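The values are calculated or read from the model by the stated rules, or taken from the named source; none is laboratory data. This structure is a prediction, so every number in the text was calculated from the model and none was measured. Don't worry about glycine lacking a Cβ; one is built from the backbone with ideal geometry, like all the others, and counts go over all protein chains shown.
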Amino acid sequence: MADQNELEKQAEQVKKVSKTGLLPCPFCGSIELSGITIPVPRADEKEKKFHFIQCEHCFCTGPNRFEMKEARHLWQTRAEEA
């Protein structure tokens, strides 16, 4: 069972969730976030697209993925605090 400090941290994170449903930027704390899609031309002419989340304040980006769902999931995944 989570202790009181852990519950308070979780409650604080929920308060900070942006209108997109994403956690705030891990670097600057901004909730101004966008999902970005970039077409990637390929020699075989089958266009692929990279998707990632970007902070509109500090321009930090999350990992690139071929599916936005995966990019969003990775943005939401945070390292444990030491």
Task: the range 25-43 residues that are among the aromatic types (Phe, Trp, Tyr), paired with ones that are surrounded by 12 or more Cβ atoms within 10 Å (Cβ to Cβ) and part of a loop (DSSP other than H, G, I, E, B) (beta carbon under 7 Å, 6 or more apart) - done: Phe27/Cys58; Phe27/Cys60
TODO: Return yes or no: is Leu74 at pLDDT 75 or above, assigned to a loop (DSSP other than H, G, I, E, B), under 18 Å from the mean Cα position of the chain (by Cα) and surrounded by 11 or more Cβ atoms within 10 Å (Cβ to Cβ)?
DONE: no
- [ ] Kindly indicate the residue of the range 28-63 that is in contact with a helix residue (DSSP H, G or I) (Cβ under 6 Å, 6 or more places away or on another chain) and surrounded by 15 or more Cβ atoms within 10 Å (Cβ to Cβ) and also nearest to Arg78 (Cα to Cα) among those meeting that condition.
- [x] Gly62
Task: Members of the range 29-69 that are under 10 Å from the mean Cα position of the chain (by Cα) and farther than 21 Å from Lys19 by Cβ - done: Pro63
Task: Test for His51: is it in contact with a Ser or Thr (Cβ under 8 Å, 6 or more places away or on another chain) and either without any contact (Cβ under 8 Å) to a residue 24 or more places away in the chain or part of a strand (DSSP E or B) (or both) - done: yes
